Ligand code: NAD
């Protein structure tokens, strides 16, 4: 059990309905600080009436907002970007407090969120349709992109600013209205995001905020006024969201979990490869959907690579994200910590060589939810630790004889989010890129996160839907096309 509530007054977390902060009358859950295990806030679950009111506010705001000139819509986003920058310090500290990641990691993810807004400000050109004159004699044809209506965003705990900003800026730039349901573990950052959007001049009802978990999500998925659903989270829930929303006639994009591989060839440059894998595997305490979880060591590189990774992990400062010296913070919850420790025990039962045991680190014995960097060597590619998403600071090393065998290991994964190769050979990198079963590929890059104008292209069980988040796919997801065929009398 997390530490029980102390005498410290718990922070308050409102809903946002029709442009106003609302005190929910629903039961509350307690939010804990992952670095200390202390209770910090009370989070409302949101009543059915409040959820319905949020959807209705979005529904009422849609006719006017969708007819507001696109440049005017984008002007609010330009102002919003400025306001976020002006409040960056507060937001970054809030990400660290709620999620646990280090200040530097929070700053990096905040910057990625800003880039999504900047991309969304291109809506006037991104929404342009196509025209062909004289599709028949005296007949012209053209297409336009039109907002779809009320859109819903359901987001995970691991990027409290970045993932919501993947969604609502583009949705509202395209003329939609929005209901955001952030992770129940990091909801107060979302409150600040919504407050600042209204400060930037968003009309009432264009962006609404509700809290809670399954029951809130189910109410949103069942509501006929909701036309589109964007989801980011674990694969089992992504699949459920996809199936339920689609059954209810909504368009849906559902981004799921991952098990990402980094393949290291014998010719890789050791120092930069180790730095990249350390950043990818242990950055954000391994709680990134693009984190390297499996290192596939090819041939003779395995021994020196494991040695260097262990050395680097020994030197990693693990501690509260708000402390300047910390290089890795806690995981999100006591439950997450237990799950990760269970996987390390499972690895031992499955016969791995425990090259580094993060359970023994001093931080892992304190009251926060810390697990030190852990490296499992000689992992069997068919074992559960090799195949299942652990979502914590645990690297599994699989040893293979050549690139073909490495590609074979990756092809058997049920996930297909990201994969990286580390090599100096252009030919090997090309072979990897053209044959790897993953949607986002890194060449000597540990976290191959596409910048906002490319789409976030997970494959297999890492994505359910047709149109991905970000990039042109996002513009297509948040608009529907109208094709006009026109003849004027002579
Ligand atoms: P999660 O699936 O537990 O929760 C995601 C959202 O769904 C939250 O808002 C949560 O409140 C809600 N939810 C929880 N249980 C639900 C239920 N039974 N029915 C309906 N909704 C429910 O995910 P998380 O733990 O917050 O985030 C970590 C997961 O997200 C990891 O699997 C990670 O790989 C994945 N992720 C994927 C991407 C991507 O781009 N593919 C990005 C970030 C995180």
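Points to keep in mind about this one:
- Relative contact order (%) - region 100-172, alpha-carbon pairs under 8 angstrom, separation at least six: 40 percent
- The alpha-carbon atoms of region 260-443 define a convex hull whose volume equals 104 cubic angstrom per residue.
- Euclidean distance between Cα centres, region 85-116 to region 213-284, Å: 20 Å
- Residues in region 46-71 reached by a label modelled at residue 204 [backbone nitrogen below 18 Å; 7 Å Cα→Cβ]: 50-66
- C-alpha center-to-center spacing [region 314-352, region 166-195] in angstrom: 29 Å
- Cut-off 13 Å (backbone N to label point 7 Å along Cα→Cβ of residue 139), residues of region 466-487: 484-487
- Applying 1/(1 + (r/R0)^6) with r as the Cβ-Cβ distance of residue 60 and residue 323 and R0 = 60 angstrom yields a FRET efficiency of 0.85.
- Note on residue 130 and residue 311: with the Förster distance fixed at 56 Å, the Cβ-Cβ geometry gives a FRET efficiency of about 0.50.
- Per residue of the chain, the DSSP helices (runs of n ≥ 4 H) give a summed -39500 (n - 2.57) that works out to -12000 deg cm²/dmol at 222 nm.
- Potential extension, residue 472-residue 236 segment - 0.36 nm per residue separation minus Cα distance: 82.3 nm
- DSSP bridge pairs, region 260-443: antiparallel proportion in percent, nearest 5: 10 percent
- Extents of the chain, largest first, come to 79, 67, 40 Å (Cα atoms, principal axes, whole angstrom).
- In plain terms, the chain from residue 78 to residue 222 could stretch by 48.5 nm, reckoned as 0.36 nm per residue minus the Cα-Cα distance.
- Beta bridges per DSSP, both residues in the chain: antiparallel share near 40 percent.
- Taking 0.36 nm per residue of separation and subtracting the current Cα-Cα distance, fully stretching the chain between residue 367 and residue 444 would add 24.0 nm.
- Relative packing of peptides 411-421, 63-73, 293-303 - highest average C-beta neighbours within 10 Å first: 411-421, 293-303, 63-73
- FRET efficiency, 1/(1 + (r/R0)^6) with R0 25 Å, evaluated for residue 483 and residue 248 via beta carbons: 0.45
Every read-out reported here was derived from the displayed coordinates using simple, explicitly stated rules and does not represent laboratory data. Being a predicted model, the structure only gives us computed values, none of them experimental. In this analysis, Cβ positions are derived from the backbone assuming ideal geometry, glycine residues included, and neighbour counts consider all displayed protein chains.
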